[in-house]
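Notes follow once the structure below has been shown.
The values are calculated or read from the model by the stated rules, or taken from the named source; none is laboratory data. Note that this is a predicted model, so its numbers are computed, not measured. Cβ placement follows ideal geometry from the backbone for every residue including glycine, while neighbour counts extend to all protein chains displayed. When the accessible area is computed, the model is the full protein with side chains, heavy atoms only, and any ligands, DNA or RNA have been set aside. Shrake-Rupley method; radii C 1.70, N 1.55, O 1.52, S 1.80 Å.
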Amino acid sequence: MSKPKVFVTREIPEVGLKLVVDNTDAEVWPDLLPPPYEVIKEKIASCDGLLALLTDKIDAPLLDAAPNLKVVSNFAVGFNNIDVAAATARRIRVGNTPGVLTEATSDFAFTLLMGGARRLVEACNYAKAGHWQTWEPQGFLGQDIWGATMGIVGMGRIGYAMAHRAHRGFDMRILYYDVNPSEHAERDFGATRVDMDTLLAEADFVSIHTDLNASTTGLINRDTLAKMKRNAILINSARGPIVDTDALYEALRDGVIAGAAMDVTEPEPLPVEHPLYSLPNCTIAPHIASATYTSRNKMARMAAENLLAGLRGEDLPNQVNPEVG
Ligand code: DGY
């Protein structure tokens with residue numbers, strides 16, 4: 001019997017890739033950079049399955065070009081790159097990789113928080129550039145972390161894990177903003193659900209953990225930044241478009257807030273000539289929060305298992321559109 005045809009848009013870790021390659025007739029895009037949209041469209045024309053990355057835009061015209069497609073498996077927990085409604089309308093299952101990157105992502109969000117608060121990158125660059133001449137009583141003063149107030153935007157899995165670190169590790173008071181209350185966070189960390197304005201006005205650290213959708217796009221903008229404390233640090237490890245990049249640049253330049261530490265940007269990658277890079281109070285990492293060996297291996301296995309289940313016509317172990325069944 002012939003194997004189902006699939007297109008894999010990048011080389012994912014071996015533990016997942018091998019599962020796919022052994023069980024399907026797979027074509028794997030070998031380059032570091034993503035295949036262009038038109039190339040994906042052409043490649044999936046005769047495919048039964050697609051294993052995609054968060055950098056691949058999967059929309060209705062693309063799905064229309066693949067009449068046999070049964071499943072799109074995303075190698076990410078976020079799936080804002082996929083038009084899920086369009087997939088559902090075409091009875092195509094969509095999978096993602098929740099849970100396995102929660103701890104790695106919140107570890108990194110906390111790394112950004114600490115680095116931003118204590119000006120780590122700025123100070124290391126100063127030393128490296130040969131400016132370190134003596135111990136300076138007022139050099140590189142930063143923000144206190146212990147006992148500070150943490151504002152979590154989006155108390156899902158990763159938001160909860162961030163609150164855990166902040167409260168249990170650093171005795172922080174936890175405020176959160178979410179459309180749904182989190183009984184767990186309230187019980188475990190004494191977290192208080194507040195409106196966005198209260199969170200912005202009281203938090204020393206504002207950490208974004210919401211998904212990207214119509215209501216969160218541009219959530220952090222000129223107005224919301226102006227409501228933050230002047231000593232506040234903004235942390236974004238969720239999705240770039242949740243923060244208005246130009247507004248952030250101006251707020252950091254003008255001292256409206258003390259700093260920002262971002263794992264995600266809009267656009268992504270942020271062009272090297274972008275003025276945000278020139279600001280000493282802004283740390284930018286290249287979207288690496290889930291990049292641990294363990295997490296990426298688990299993501300690869302999960303993405304492969306989602307893909308294979310969809311090819312068999314079964315519900316996916318992690319399916320974002322369960323109504324396709
Ligand atoms: C995701 O999975 O959505 C992250 O952004 C990358 O791991």
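Worth a mention:
- Fraction in percent of alpha-carbon pairs per bin - 10 Å, the range 102-284: 10, 40, 36, 13, 2, 0
- Stretching residue 278 away from residue 250 to a fully extended chain increases their span by 8.9 nm, per 0.36 nm per residue minus the current alpha-carbon distance.
- With the convex hull drawn over the C-alpha atoms of the chain, the volume per residue is 145 Å³.
- Degrees, to the nearest 10: 102-117 long Cα axis against longest axis of the chain: 30
- Cα lying deepest toward the dipole's positive end in the range 200-325, options 214, 310, 281, charges on Cβ: 281
- Candidates 96, 236, 180: whichever shows maximal mean-square fluctuation once the chain is modelled as a Gaussian network with Cα springs under 10 Å: 180
- The label-point distance for residue 231 and residue 217, in a model that sets each label 7 Å from Cα toward Cβ, rounds to 3.7 nm.
- Label positions at residue 183 and residue 88, each projected 7 Å from the Cα along the C-beta direction, are separated by 2.5 nm.
- Percentage relative contact order, the range 102-284, counting C-alpha pairs under 8 Å, at least six apart: 21
- In a reduced charge model with +1 at each Lys and Arg Cβ and -1 at each Asp and Glu Cβ, the range 1-93 shows a dipole moment near 340 debye about its Cα centre.
- Here the convex hull built on the C-alpha positions of the range 275-317 has a volume of 102 cubic angstrom per residue.
- Stretching the chain fully between residue 59 and residue 144 yields a gain of 26.1 nm (0.36 nm per residue, less the alpha carbon separation).
- Charge sum, other residues only, whose C-beta stays under 14 Å from residue 202's C-beta, Lys/Arg counted +1 and Asp/Glu -1: +2
- Average accessible area per residue (Å²) across the chain - probe 1.4 Å, nucleic acids and ligands excluded: 48
- Apportionment of accessible area to carbon and sulfur, the range 102-284, percent (1.4 Å): 52
- In this calculation the C-beta distance from residue 131 to residue 201 is compared with R0 = 30 Å, giving a FRET efficiency of 0.25.
- Theoretical gain in end-to-end length, residue 39 to residue 22 [0.36 nm per residue, Cα-Cα removed]: 3.7 nm
- Once the Cβ-Cβ distance of residue 294 and residue 168 is raised to the sixth power relative to R0 = 22 Å, the FRET efficiency obtained is 0.55.
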